[in-house]
Amino acid sequence: MGKNSAYASGELTDSIFFILLSLLQPRHGYKIMQFITEETKGNIQIGPATMYTTLGKLNKEGWIEEVISDDTKKVYFITAIGREKLFEDYRRRAVFVEIASRLLEVVE
Amino acid sequence: MMKYKYRMGSGLAFTPEKDMKMLEAMGKRGYVLEKLTGMGFIYRFKKSDPEDKIYTWSAEKTLTQDYLAFFMESGWHPVIAFDGVQIFKANPETVNAHTDCTSITISLEEQIKIYSKYTMYTGLVLFVLLLLSTPLFYFRWLGLLTMFLGISAFIVCFFPLLGFIYRKWKMSK
């Protein structure tokens, strides 16, 4: 993984950000995809290949864990590390929104 | 009208998008992908009603029911499903299977790791065969056969490796 990777830098991609948000409750792959599509009103959609690879990587990094696993479905849940990473990125994004809101108001 | 048509792929490891476009075009002309032959380099199409489908591919090393369920629940149906190579098709409005560059990079890195190992093993076998070429070619056909198998195995591993490295390099630019 390169040094610019979201996992190394902590600057999460939108996909990782929403996957972690959706795993504040235990969910399996397709339910995560549905949750993200519904919550973002279709603005962010994650394909199955991306979802599978990202879940595998998050699991390997210890940001999420399998809580139920059988042959056809694995249910994941966020870990304490995952929550920390999510919260860090939330704060980073909140700063962007705050700056943008302030500047846009000035322009308006 | 021919029942089957065959097309050479441009190399799934190098330009999978090009191959997928070809599969889509063939489907619209009424030839639907049925299987991969020729050590995975040749597509076989069966005559059928024209269909408007999109295709995607993946290279999951160990195919599981969990993996297939991800695709099927998202509207992607497996056409080719082996360990290492999978091709899926879906209706045109279906969300793309790959929606994030990071995950494609992770997948490519895994492929590079796997194929580096295969290339090293087959390279080693080929090297040993070359060392043994004099006694092997004493029996002419045995020599030719073992060399053919050794070189083929090496090519099948080495060229995909080059493809994955090339794609990762292209993505990093």
Next item on the list: Taking B:L126 as meeting all but one of (1) part of a helix (DSSP H, G or I); (2) aliphatic (A, V, I, L, M); (3) under 30 Å from A:S5 (Cβ atoms), write down the number of the exception.
Entry: (3)
Next item on the list: Those residues that are on the phi > 0 side of the Ramachandran plot and at pLDDT below 90, I need them from region B:62-76; list them, please.
Entry: none
Notebook entry, point to check: A:Y30 passes all but one of (1) surrounded by fewer than 16 Cβ atoms within 10 Å (Cβ to Cβ); (2) more than 14 Å from the chain's Cα centre (by Cα); which number fails?
Noted result: (1)
Check: Pick from region B:163-173 the residues that are assigned to a helix (DSSP H, G or I) and surrounded by fewer than 16 Cβ atoms within 10 Å (Cβ to Cβ): which of them is nearest to the other protein chains (Cβ to nearest Cβ)?
Finding: B:S172
Next item on the list: Test A:A49 against the criterion of being within 21 Å of B:H98 (Cα to Cα) and either free of Cβ contacts under 8 Å to residues at least 60 places away in the same chain or in contact with a Leu (Cβ under 8 Å, 6 or more places away or on another chain) (or both), and give yes or no.
Entry: yes
Next item on the list: Would you check if there is a residue in region B:134-143 being modelled with pLDDT of 90 or more and on the phi < 0 side of the Ramachandran plot?
Entry: no
Margin query: I need a count of the residues in region A:23-40 that are aliphatic (A, V, I, L, M), within 17 Å of A:G56 (Cβ to Cβ) and touching a Phe, Trp or Tyr at 6+ places or on another chain (Cβ under 6 Å).
Written below: 1
Checklist line | Considering residues of region B:54-106 that are acidic (D, E) and either surrounded by 22 or more Cβ atoms within 10 Å (Cβ to Cβ) or at the interface with another protein chain (Cβ under 8 Å from one of its Cβ atoms) (or both) only, the residue farthest from A:D70 (Cα to Cα) | finding: B:D100
Next item on the list: Search region A:68-78 for residues being facing chain B (nearest Cβ under 10 Å) and of a type outside the set (S, T, N, Q), and hand back the single one that is surrounded by the most Cβ atoms within 10 Å (Cβ to Cβ).
Entry: A:K74
Next item on the list: Taking only region A:6-52 into account, find how many residues are in a loop (DSSP other than H, G, I, E, B) and either under 25 Å from B:I54 (Cα atoms) or more than 7 Å from chain B (Cβ to nearest Cβ) (or both).
Entry: 15
Next item on the list: Could you run through region B:134-148 and say how many residues are assigned to a helix (DSSP H, G or I) and surrounded by 14 or more Cβ atoms within 10 Å (Cβ to Cβ)?
Entry: 4
Next item on the list: Of the conditions (1) in contact with a helix residue (DSSP H, G or I) (Cβ under 9 Å, 6 or more places away or on another chain); (2) more than 9 Å from chain B (Cβ to nearest Cβ); (3) closer than 20 Å to B:T99 by Cα, A:E65 clears all except one; give me its number.
Entry: (3)
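The values are calculated or read from the model by the stated rules, or taken from the named source; none is laboratory data. Keep in mind the model is a prediction, meaning the values are calculated, not measured. All Cβ positions, glycine included, derive from the backbone under ideal geometry; neighbour counts span all protein chains shown.
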